[in-house]
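Some notes on the structure that comes next.
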Amino acid sequence: MGPSARDAVADGEDQTGETPLLAVLESWTEAVVDERGLTPVRRDVSSMVTLLTRHLPWVCEREWVRDFEEEIRELLKVTQKITMTEPVRQMLRGVTCPSCSMLSLVRYHPGDWAAECLNCPSQRFDERDFKSLVMAQARGLERVNP
Ligand SMILES: [Zn+2]
């Protein structure tokens with residue numbers, strides 16, 4: 001389990017949801033500062049995110065990195081909900097998944113992947129692979145319907 005806030009969390013607008021944004025950032029910042037013997041930073045989002053980002057390679061080598069990743073991912077989701085910047089899912093019509101043969105390819109805006117399958121977690125395509133897939137399936141259709 002990850003570190004928990006040692007001090008009472010001050011009441012604030014961002015502390016009312018399921019994930020208290022500042023408390024999560026504070027606990028991870030404190031963990032990094034303590035374990036690395038660093039000078040504590042101000043407890044504002046920008047200072048804490050800057051510190052955590054700077055020490056990310058070190059964080060990735062810790063045994064608690066999985067908890068860190070889960071909690072920061074949750075923060076991202078909450079933040080995207082609050083700021084209405086959640087990724088939008090778009091169905092990619094006319095192209096089937098090479099694994100399950102379903103019309104289940106989607107892409108998310110914004111997102112790192114050009115396409116992925118809703119049924120097959122391993123089926124992900126970057127832009128170049130997706131274009132090749134579209135071309136290959138278009139050629140296949142030409143052969144069926146000349
Ligand atoms: Zn599939």
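Data overview
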item	result
Scope region 92-118; condition over 16 Å from Ala138 (Cα atoms) and in a strand (DSSP E or B); matching residues	Val106, Arg107, Tyr108, His109, Ala115, Glu116, Cys117
Residue under evaluation Arg89, criteria (1) closer than 30 Å to Ala138 by Cβ; (2) surrounded by 14 or more Cβ atoms within 10 Å (Cβ to Cβ), criterion not met	(2)
Residue in region 73-85 that is assigned to a loop (DSSP other than H, G, I, E, B), surrounded by 14 or more Cβ atoms within 10 Å (Cβ to Cβ) and away from the ligand (no atom under 16 Å from the Cβ) present	no
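Each row is one residue, and each column tells you yes or no for (1) within 19 Å of the chain's Cα centre (by Cα); (2) modelled with pLDDT of 95 or more; (3) at negative phi.
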position	(1), (2), (3)
Asp14	no, no, yes
Glu18	yes, no, yes
Thr29	no, yes, yes
Glu35	no, yes, yes
Leu38	no, yes, yes
Val45	yes, no, yes
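The values are calculated or read from the model by the stated rules, or taken from the named source; none is laboratory data. The structure displayed is predicted, hence computed values, not measured ones. We place every Cβ from the backbone using ideal geometry, glycine too, and count neighbours over all the protein chains shown.
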